[in-house]
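The values are calculated or read from the model by the stated rules, or taken from the named source; none is laboratory data. Computed from a prediction, not measured in an experiment: that's the story for all the values here. Every residue, glycine among them, receives a Cβ derived from its backbone with ideal geometry; neighbour counts consider all protein chains shown. Note: areas computed on protein heavy atoms with side chains; ligands, DNA, RNA excluded. Shrake-Rupley method; radii C 1.70, N 1.55, O 1.52, S 1.80 Å.
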Amino acid sequence: MSSERRRAPRARILGRLHGRLVALDADVEIRELSLGGMSVLSDIPFPVDAIHQFDLFLGDGARVSVVAQARHSQLVEARTSPRYLTGFEFIDDEAADQGVGAIVSTLG
């Protein structure tokens with residue numbers, strides 16, 4: 001059995017997509033994105049199972065809002081300040097299928 005549990009493969013973003021945590025009005029770095037979820041690098045330690053709304057922005061100004069649930073989080077950098085890599089699963093499949101699908105096809 002494979003350790004891969006994702007519903008869809010993730011694409012590396014490489015700075016082409018920016019994220020914002022709506023509740024805290026805080027920027028987050030989107031590392032990977034798929035139709036099923038995303039990984040986020042931030043200085044915020046997201047508790048597992050926490051649900052958050054994010055706005056995702058492309059360089060051309062296009063924006064998609066998604067709701068996602070934290071599935072795992074780990075401390076990845078602690079030299080200057082703590083940084084956490086968190087995996088999120090989209091919980092609003094319709095928004096993910098439409099908005100994120102358009103972003104994935106644009107970045108692909």
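Values computed for the structure shown
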{"read-out": "For segment 44-58, 3J(HN,Hα) per residue [Karplus equation, 6.51 cos²θ - 1.76 cosθ + 1.60, θ = phi - 60°, Hz, x = Gly/Pro]", "value": "9, x, 6, x, 4, 6, 5, 10, 9, 9, 10, 9, 10, 10, 8"}
{"read-out": "Sequence of T86, T80 from largest to smallest accessible area, 1.4 Å probe", "value": "T80, T86"}
{"read-out": "Total formal charge among the other residues, if their Cβ is under 10 angstrom from that of L56, Lys/Arg +1 and Asp/Glu -1", "value": "+1"}
{"read-out": "Per residue solvent-accessible surface (Å²) - segment 11-92, probe of 1.4 Å", "value": "54 Å²"}
{"read-out": "Förster radius 41 Å - calculated FRET efficiency between S81 and R16 (Cβ-Cβ, nearest 0.05)", "value": "0.95"}
